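A short write-up of the structure that comes next.
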Amino acid sequence: MRWDLGFYLACLAFALPTALKSEFYGYRVWGNFATVAYALGALHSGWLLWSARKGRTPRGLLGSRWCGIAAVALLAMILPLLLLVIRRLTGVDWLITPFSWAAQPEVWVIERSADLLLHHGTPYVDVTALGRAPVVNDYTPYGPVMAVFGLPRALFGGTPLGDALTDARWMFALAAVACVLGTLKLLKWPKVPVGAAQLALACPLTALTWAVAGPDLAIVGLLVLACALAATGRAAWAGLVLALVVSAKLIVAPAAAVLAVFVLVRRAGHETGLDWPAVARFASALVATTAALHLPVYLVDPAAFVEHVFRFPLGMGVVRSPAASPLPGHLIAELGPVGQVAAFALVGAAAVAMVIWLVRRPPANGSGAVLRIAVGLGALILLTPATRYGYLVYPLVLLGAYLTFRAAEASTARPPRSSS
């Protein structure tokens, strides 16, 4: 319970300044709701801690550590998202005024990409043929799968009710929830540790992303689902789901190496040894699905595809990516040419370290695979020169998933009780 109190106080220290100082309207709305949610969580945790010291054990719902999680889910996720979706109907999102944005630009961009895909066969516009100087929001720095989340609005939007019901954030949220339920079912419904829920659900980055944007939650949800499929011996399905992940956002591509090694060695402790047929199924599904998803879009306009998906995120596009959060890699790169070389050298060193870790100690179970992906993505996000602090939601959610996978593995490892 001391951890709970410290967790909610740290979250409160993030939410309150966000409510007061953020330049984004959606962030401030979220900050106001989240401040109340985390304050309630801290008060409840403090009460439980005080009761324990007095030798009392509160009963009923109020005696559960899950009350704080419920407060965050309702007050810092569902309610601010509902308010921001309604506020967005005023139609001020496209103004160059962040204080009026009820949704972050990635929401608009993904919805626009779906409309482009329907009408032109590609979600990417030729930024050199716009008849004006291109701007950041002309870019769609995602894979073609990301446009799927904007299809409901492209197909059924156009009216206030239709726009409210088909906001892409609902689609991201539904996908994330479906992936969580699918993962828990594959793991045979383990008892989820409260700490796992705090890291994956109640931390400010998850709650804020849920309310104002959302695509990263859908992607990390699919990634966790792919890990669960691999952990339960469904290699081909794991490859297919991971292909969807990579075809939506390339930042998670390093997970493919971890899951490939895991699929190969998953049965190494048994008499079967290395499972080459399983890794062949995994790789075939991954490569074939990725090619099938990318090739049609690439053929429509190869130059636009490369500009949006590769050049822009790498800072080599016609417009420079605004991803410049003050994380270590960016701060080092800002020191000049030497700093840029050093930042990329650190990324390379981290990649080599991950390879050595995989070779010397390959993941023996699902939790091991999830942990290695979390560490690898965390290192990549921290050391890449062009990055956003919001991407840290990936390692945080994955660490929560790691605790859940470990709980599931512990429950299946226990011997069954003997009957009298």
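The values are calculated or read from the model by the stated rules, or taken from the named source; none is laboratory data. Computed from a predicted structure; not experimentally measured. When we count neighbours, we look across all protein chains shown, and the Cβ atoms used for this are built from the backbone with ideal geometry, even at glycine. In case anyone asks, the SASA skips ligands and DNA or RNA and just uses the protein heavy atoms, side chains included. Shrake-Rupley method; radii C 1.70, N 1.55, O 1.52, S 1.80 Å.
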Worksheet item: Can you pull the percent of Cα pairs in the stretch 228-363 with separation above 19 Å?
Response: 63
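Could you tell me what a quarter of the Cα convex hull surface of the stretch 305-420 works out to, in nm² with one decimal place?
Taking the Cα atoms of the stretch 305-420, their convex hull projects to 10.1 nm² on average.
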Fill in: Helical mean residue ellipticity (222 nm; -39500 (n - 2.57) per DSSP H run of 4+; nearest 500) of the chain
-20500 deg cm²/dmol
Practice prompt. With a point put 7 Å past each Cα toward its Cβ, work out how far residue 288 is from residue 314 in nm, to one decimal.
Written response: 3.0
Item to complete: Compute the FRET efficiency between residue 188 and residue 130 as 1/(1 + (r/R0)^6), taking r as their Cβ-Cβ distance and R0 = 60 Å, and round to the nearest 0.05.
Response: 0.70
Worksheet item: Using a simple spin-label model with points 7 Å from Cα along the Cα→Cβ vector, what separation in nm is obtained for residue 344 and residue 276?
Response: 3.7
Practice prompt. Let me have the relative contact order for the stretch 240-313, percent, based on Cα pairs under 8 Å that are six or more residues apart.
Written response: 32
Response to the item:
Rounded to whole Å², per residue accessible area for the stretch 283-420 with a 1.4 Å probe reads 54
Worksheet item: For residue 364 and residue 164 in the same chain, what is the full-extension length gain: residue separation times 0.36 nm, less their Cα-Cα distance, in nm?
Response: 67.5 nm
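Keeping the other protein chains in place, figure out the carbon and sulfur percent of the accessible area of the chain, with a 1.4 Å probe.
Carbon and sulfur together cover 70 percent of it.
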Discussion item. Tell me the relative contact order for the stretch 175-242 as a rounded percent, counting alpha carbon contacts under 8 Å between residues six or more apart.
Written reply: 41
Practice prompt. Quote the Stokes-Einstein diffusion coefficient, in whole µm² s⁻¹, for the stretch 40-149, based on the Kirkwood radius over alpha carbon pairs, a temperature of 25 °C and a viscosity of 0.890 mPa s.
Written response: 137
Response to the item:
One finds, for residue 52 and residue 155 with R0 = 51 angstrom and r their Cβ-Cβ distance, a FRET efficiency to the nearest 0.05 of 0.45
Discussion item. Given a 1.4 angstrom probe, what's the average accessible area per residue across the stretch 1-57, in square angstrom?
Written reply: 55
Worksheet item: Assuming R0 = 22 Å, what is the FRET efficiency of residue 36 and residue 13, from their Cβ-Cβ distance, to the nearest 0.05?
Response: 0.95
Response to the item:
Normalised per residue, the volume inside the convex hull of the alpha-carbon atoms of the stretch 181-257 in Å³ amounts to 96
Discussion item. What distance in nm separates the two pseudo spin-label positions at residue 250 and residue 331, each 7 Å out from Cα along the beta-carbon direction?
Written reply: 2.8
Response to the item:
Reviewing (i) 79, 55, 49; (ii) 65, 48, 44; (iii) 52, 51, 44, the figure for Cα extents along the principal axes in Å actually calculated from this model sits under (i)
